[in-house]
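The values are calculated or read from the model by the stated rules, or taken from the named source; none is laboratory data. Source: prediction; values computed, not measured. Neighbour counts are summed over all protein chains in view; Cβ atoms, including those assigned to glycine, are modelled from backbone coordinates with ideal geometry.
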Amino acid sequence: MNSDNAGYTLLEVLIAFAIMAMVLSALIPGQARLQIRSNAADEVFLATDYALSRLDKLGVSEQITSGVQKDLYRDWQVTHIVSEEPFANTDSKVFRIILEIKTRSGRQLAKIETLRIQ
């Protein structure tokens with residue numbers, strides 16, 4: 001092999017770039033969808049974690065009182081509904097607590113419902 005025939009021709013390089021461009025054009029949209037789904041799953045996880053944290057505080061550092069409380073956290077609408085439930089002839093009170101987190105567009109991220117005895 002002499003030095004005149006060493007290396008690739010311009011045509012071979014262009015064909016290799018064309019093949020690489022076709023492969024990348026097929027992969028990139030799938031990667032974008034995967035990234036969007038990953039971000040959505042992260043947001044659901046964070047919203048659920050926040051909802052559980054809010055429920056843990058209730059009755060410990062905050063007193064449980066009946067009513068509806070709405071507020072904003074991050075980009076979320078947080079709705080906190082507490083209602084007193086009847087309980088069999090005791091002095092204890094039972095509260096039904098519903099904590100719901102939605103995006104501003106209305107997509108539900110987390111909803112947790114529980115009962116607490118006080």
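Quick notes
- For region 1-29, taking the residues that are modelled with pLDDT of 90 or more and small (Gly, Ala, Ser), the one that is farthest from THR114 (Cα to Cα) is identified as ALA16.
- Residue in region 37-65 that is farthest from SER105 (Cα to Cα), counting only those that are among the small types (Gly, Ala, Ser) and at pLDDT 90 or above: SER53
- Residue within region 6-21 that is in contact (Cβ under 8 Å) with a residue 12 or more places away in the chain and among the aliphatic types (A, V, I, L, M) present: no
- Residue list for region 39-92, filter: in contact with a Phe, Trp or Tyr (Cβ under 6 Å, 6 or more places away or on another chain) and basic (Lys, Arg): none
- Here region 73-90 is the region considered, the condition is being among the aromatic types (Phe, Trp, Tyr) and under 14 Å from the mean Cα position of the chain (by Cα), and the residue that is surrounded by the fewest Cβ atoms within 10 Å (Cβ to Cβ) is TYR73.
- Long-range neighbours under 8 Å by Cβ, at least six apart or interchain, first residue in contact (Cβ under 8 Å) with a residue 40 or more places away in the chain and surrounded by fewer than 14 Cβ atoms within 10 Å (Cβ to Cβ) within region 92-118, second of a type in the set (D, E, K, R) and not in a strand (DSSP E or B): GLN118/LYS93
- If you go through region 46-72 and keep only what is exposed (fewer than 15 other Cβ atoms within 10 Å of the Cβ), in contact (Cβ under 8 Å) with a residue 12 or more places away in the chain and within 18 Å of the chain's Cα centre (by Cα), you end up with just LEU52.
For every residue, the table says whether it meets (1) of a type in the set (D, E, K, R); (2) on the phi > 0 side of the Ramachandran plot.
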| site | (1), (2) |
| --- | --- |
| THR9 | no, no |
| ALA21 | no, no |
| ASP49 | yes, no |
| LEU52 | no, no |
| HIS80 | no, no |
| THR90 | no, no |
| GLY106 | no, yes |
| LEU109 | no, no |
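- Of all residues in region 29-81, those satisfying the criterion of being under 16 Å from ILE97 (Cβ atoms), assigned to a helix (DSSP H, G or I) and small (Gly, Ala, Ser) are ALA51, SER53.
- Unmet criterion (only one of (1) more than 18 Å from LEU115 (Cα to Cα); (2) in contact with a strand residue (DSSP E or B) (Cβ under 6 Å, 6 or more places away or on another chain); (3) of a type in the set (Ser, Thr, Tyr)) for THR48: (1)
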